[in-house]
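Input: a single structure, listed below in C-alpha cells.
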Amino acid sequence: MSELNSTSTETAQQEMAAGLLRDHASISPKFFYNRLGSTLFEAICSLPEYYLTRTESAIFDRHLNDMSRTIAPGGTLIDLGAGNCAKAERLFAHLHPDQYVPVDISASHLNDAAQRLRQRYPHIEVTPLGMDFSGQWQLPDQVRADHRLFFYPGSSIGNFDPDAALAFLKQIRNQSDTHGGILIGADLVKESAVLNDAYNDSLGVTAAFNLNALLHINDLLGTDFDLTQWKHVAFFNQIKSRIEMHLEARMDLTVKWDNQHRHFIRGERIHTESSYKYTLPQLLNLLETAGFGCAHHWTDDANWFAVVRASAI
Ligand code: AVJ
C-alpha cells in the first residue's frame, strides 16, 4: 500500500514512468520509502557496516551541550525527513523548542510519532507535515516564522546532486528569517572500502532495501517487476565522489504497465540512488554559498562524519 494521496500519486506515477523510459533508466530514491522501505532503512541503521547513523549519533552524544550553546532556546525546530522523530527528540531537552515540525514524505509514520510526542511534551506544539521536500516547497502558515532551526541529519543531503543540494539549501535559507539556522549532518569522503562495505552489507539488508523500490513501483505504477530478475549493485564512484546504487537486470526482460513497456537487456541498470560524500571544506563551502555563515562543526575522531550548525546570514 502506498501512503501518498491521489494527486501526489499521479505526479509520482508520471515521475516513475519518465524515469523508467529514460535511456539510462532511473528511479528517485524517495521511492524507497513505503512502509516496508522505511522499516528496512531503520534496519540498515543498525548494521555493523553502516557506520553513518551510529557515528552521527555519537557526535551528538558527545557534543550536544556544546552545540546547544550555539543555539538560542525556544523557536521552531523543523525536522526534514523526520521518520520516527527519534533523532530530534534527543534535542528537545537541550534546545527547548516551542514548536516542533516533523516533515516526511511518509505521512502515516509521522502521525503516530507526533501523537506520542504530544503526550510526552505537552508544552511543545507538534505540527507534522506530510510533504515531499525534494523539489520546490514552502512551509505552511502554521509554522512560526521566527527563530527557525532546520534539522537535516543523517547525510540525506547526499541524495542531491551538488547543484540540487545548493538549490535545496538556498530554499531553506530563504525560509529562515533572522535568528534562523541549520543543523546538518553529512557523511565525509573516506577510504573506498569503508564506503563500499556500508552499502554492500553481508546480511543483504541494503540489497532488500534497494529491491523494495521495485515492489513500491509495482504498487504505485502497476508495473510487473519480478524481483528475482534483478540484482543489487552499489559502489563508490570516486570521480563523482558518490556512492551509486543500481538495480541490474540478471537477464533480458520486459517490464510492462498500462499500455507501456520498457525492455532491459541483461546487465542493464536502473540507477536508484546517489549518495554524495563531501570533504569538510566542501561542505562548509556549500553552506556558505547557500547563505549560511558562522559555522561551527563537530566530527568523530576518525573524521568519518560531520555535524554543522550554521546561521542564516
Ligand atoms: C538516507 C540518503 C542518508 O545515502 O546512506 C542507506 C540511504 N541508501 N543505504 C544513505 C541509504 C542505502 C542513506 N540516506
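Quick note: the coordinates plus some simple rules give every number you see, no bench work behind them. Just so we're clear, the structure is a prediction, and the values are computed from it rather than from any experiment. Cβ coordinates were reconstructed from backbone atoms using ideal geometry, including for glycine residues, and neighbour counts include every protein chain displayed.
List of remarks:
- Euclidean distance between Cα centres, the stretch 244-302 to the stretch 92-106, Å: 27
- Most fluctuating residue given options Thr178, Thr53, Thr299, as computed from a GNM of the chain linking Cα atoms under 10 Å: Thr178
- Here Lys277 is the anchor, and the lysines within straight C-alpha reach of less than 18 Å, apart from those fewer than 8 places off in the same chain, are Lys190, Lys240.
- Annotation: amide H of Ile78 within the under-5 Å range of Val101, Leu149, Phe150, Phe151, sequence separation 5 or more or interchain, hydrogens built in the peptide plane.
- Gaussian network model of the chain, Cα within-10 Å springs - most flexible of Asn259, Asn212, Asn174: Asn259
- Among Glu191, Glu15, Glu273, the largest mean-square fluctuation in a Gaussian network model of the chain, built with springs joining Cα atoms closer than 10 Å, belongs to Glu191.
- Size of the chain as Cα extents on the principal axes (Å, biggest first): 58, 43, 33
- Net length available on complete extension from Ala302 to Arg35 is 92.7 nm, with 0.36 nm assigned per residue and the Cα-Cα distance removed.
- Each of Ala86, Ser275, Ile217 was placed along the dipole of the chain (beta-carbon charges, centred on the mean Cα), and the one lying farthest toward the positive end is Ala86.
- Dipole of the chain, positive end: most advanced residue of His63, Gln171, Leu247 [Cβ charges, Cα centre]: His63
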